[in-house]
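Below: one structure, written as structure tokens.
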Amino acid sequence: MKLSNLYSKTRKSFPSDEVALNAQLLIKAGYIHKEMAGVYSFMPLGLKVMDNIRSIVKEEMDNLGSQELAMTSLQEKELWEKTNRWDDEIVDVWFKSELKNGTEVGFGWSHEEQIGNMMKEYINSYRDLPVSVYQFQNKLRNETRAKSGILRTREFLMKDMYSFSETEEQHKEFYDKVAKAYLNIFKKVGLGDDTYFTFASGGAFTEFSHEFQTVTDAGEDTIYVNKEKNVVLNQEVFNDDVLDLLKLDKKDFIKVKAAEVGNIFSFGTAKSEELGIYFTDKEGTNRPVVLGSYGIGISRLMGVIVEYFSDANGLVWPYNIAPYKVIISSIGNSPEVVKESEKIYKHLTDKKIAVIYDDRDVRPGEKFADADLLGIPLRVVVSEKNIANNKLEIKERIKQSSEFIKPDDLPKIIEKLSTNST
């Protein structure tokens, strides 16, 4: 991609009602466009970041043996009434409407009921278990508050997965594998050092759950961390009863702000009984399946990454999820500079390295400021002086200083960045 061809442009301002840092930076850099409160469109750069996160998540889900599908967002009222979750007093984030024939429908905020209802047609025997399915889909939630940018929106992209098991033991084995897969995901997107497996309340899903919480001042949650025992509790369950159960003391925990980046739930057999998801076991007995649910908000995770890594100059993308790995900033438009820039651009493109070339006829300061704002991991500066000295000036976005290298060393630098990000 050449920056002059990108229709979305960097800008100095953002909507006056936008108070979240993640949205402010993403709007200024041209990654997202605000449509209304809590609703954003993802521009080409933003979509690339989301696709890269989605690819990381998909790989881990496929490694678990889960199978991808795609379901409709339209939800049948009668189905959700079976589990008592159509009631707005129990689930207060529904968007609801009517079809032209008067049938009342909802728009999916979650999919346990719908996927469970579908899967019961394919689960008959213990031989059909265990099985899990997942999807990437836009969820719609009628949030009362939508002031955290893409961390809390009324429409967002989510990866939701559902598992169906024969026994609690079989379910627990898969549940633990998912927990490890989630930690792998957060490590690959750069959040591994400060993301914790956290014990929490189940909310509208079930009595208890586990969350994955990333420490950040932008978070809406409070967690208590005991690093020595590797135990983390959400504020909702940080009480004497739970601490007594764990045989731990309040003084051994530190209190921090955090943002939820994923959650996993065990439903047991209760929801299967409500939906009629039964199978025949080895003895010929009819039994309900054990259900699990596992979610990661892809667009929300993108926002948390912005909050976690950004600095005073703009976005800072980890290599694995950056829309482009390298940005070439050409200084001046002399034939030598253009030729060398095009040469590097073609070489990286041929090597299948995602590169964006800032070929605009603007001042160097503007190019450097935009490179920082865009958050591309590696900046390569091509100038007449550098060419004369057989050098390239490079700057890793996460660092504050530049260095000079020989042109032939550029592939090694990129390989190092790639290796350190996995």
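For the set LYS28/LYS399; LYS187/LYS339; LYS12/LYS325, the pairs lying more than 30 angstrom apart at their alpha carbons are LYS187/LYS339. For ILE328, nonlocal amide neighbours, meaning residues 5 or more places apart or on other chains whose placed amide H falls under 5 Å from its own, are ILE356, TYR357, ASP358, VAL380. Considering only THR280, VAL380, ALA354, the residue lying farthest towards the positive end of the dipole of region 278-417 is THR280, judged by Cα position with unit charges set on Cβ.
When peptides 21-31, 261-271, 306-316, 84-94 are sorted by average Cβ neighbour count within 10 Å, with the highest value leading, the order is 21-31, 261-271, 306-316, 84-94. Largest first, the three principal axis extents of the alpha carbons in region 377-422 are 36, 22, 11 Å in whole numbers. Note that region 71-168, at 37 °C in a medium of 0.692 mPa s, gets a Stokes-Einstein diffusion coefficient of 218 µm²/s from its Kirkwood radius over C-alpha pairs. Once backbone amide H atoms are built at 1.01 Å from N, VAL231 has ASN226 as its partners under 5 Å, excluding neighbours fewer than 5 places away on the same chain.
Pair-distance distribution P(r) for region 251-300, from all Cα-Cα distances in 10 Å bins starting at 0: 21, 28, 24, 16, 10, 1 percent.
With the Cα gyration tensor of region 109-247 giving a ≥ b ≥ c as the square roots of its eigenvalues, does the rule (a/c under 1.5 for rounded; else a/b larger than b/c for prolate; else oblate) give rounded, prolate or oblate? Taking the square roots of the gyration eigenvalues as a ≥ b ≥ c, region 109-247 is oblate. For LYS139, a cut-off of 12 angstrom between C-alpha atoms picks up these aspartates and glutamates, skipping any fewer than 8 places away in its own chain: GLU155, ASP160.
Simple point charges give the picture: +1 on the Cβ of Lys and Arg, -1 on the Cβ of Asp and Glu, and for region 3-309 a dipole about the Cα centre of about 1480 debye. The antiparallel fraction among DSSP beta bridges confined to the chain stands at about 85%. The calculated Kirkwood hydrodynamic radius for region 212-341 is 19.7 Å, given to one decimal from all distinct C-alpha pairs. Positive end of the dipole of the chain (Cβ unit charges, origin at the Cα centre): among VAL237, THR195, ASN390, the Cα lying farthest that way belongs to ASN390.
Between helix 168-188 and the chain, what is the angle of the helix's C-alpha long axis to the longest principal axis, kept within 0 to 90° and rounded to the nearest 10? Relative to the chain, helix 168-188 is tipped by roughly 10 degrees.
Rounded to two decimals, the Cα radius of gyration of region 327-402 over 2.2 N^0.38 Å is 1.02. For region 295-422, the Stokes-Einstein estimate of translational diffusion at 37 °C and a viscosity of 0.692 mPa s comes to 216 µm²/s, using the Kirkwood hydrodynamic radius over alpha-carbon pairs. Seen against the Cα atoms of the chain and their longest principal axis, helix 298-309 is set at about 50 degrees.
Pairs of Lys residues in region 202-302, spaced 8 or more positions apart or belonging to different chains, with C-alpha separations under 19 angstrom: 10 in total. Here the sum of -39500 (n - 2.57) over DSSP H runs of 4 or more residues, divided by the residues of the chain, equals -9500 deg cm²/dmol at 222 nm, to the nearest 500. Peptides 143-155, 102-114 ranked from most to least packed, by the mean per-residue count of other Cβ atoms within 10 Å: 143-155, 102-114. Size descriptors for region 1-131 (Cα atoms only): Rg and Dmax, in that order, 20.4, 61 Å.
Structure remark: mean-square fluctuation, Gaussian network model of the chain, C-alpha springs under 10 Å; the largest value among VAL242, VAL290, VAL39 belongs to VAL242. Highest average first, the peptides 187-198, 273-284 ordered by how many other beta carbon atoms sit within 10 Å of their residues are 187-198, 273-284. If you look at the Cα atoms of region 3-309, you get an Rg and a Dmax of 20.3, 69 Å.
Throughout, read-outs are computed from the coordinates displayed, never taken from laboratory work. Remember, predicted model here, so these are calculated numbers, not experimental data. Positions of Cβ are backbone-derived with ideal geometry, glycine not excepted, and every protein chain shown enters the neighbour counts.
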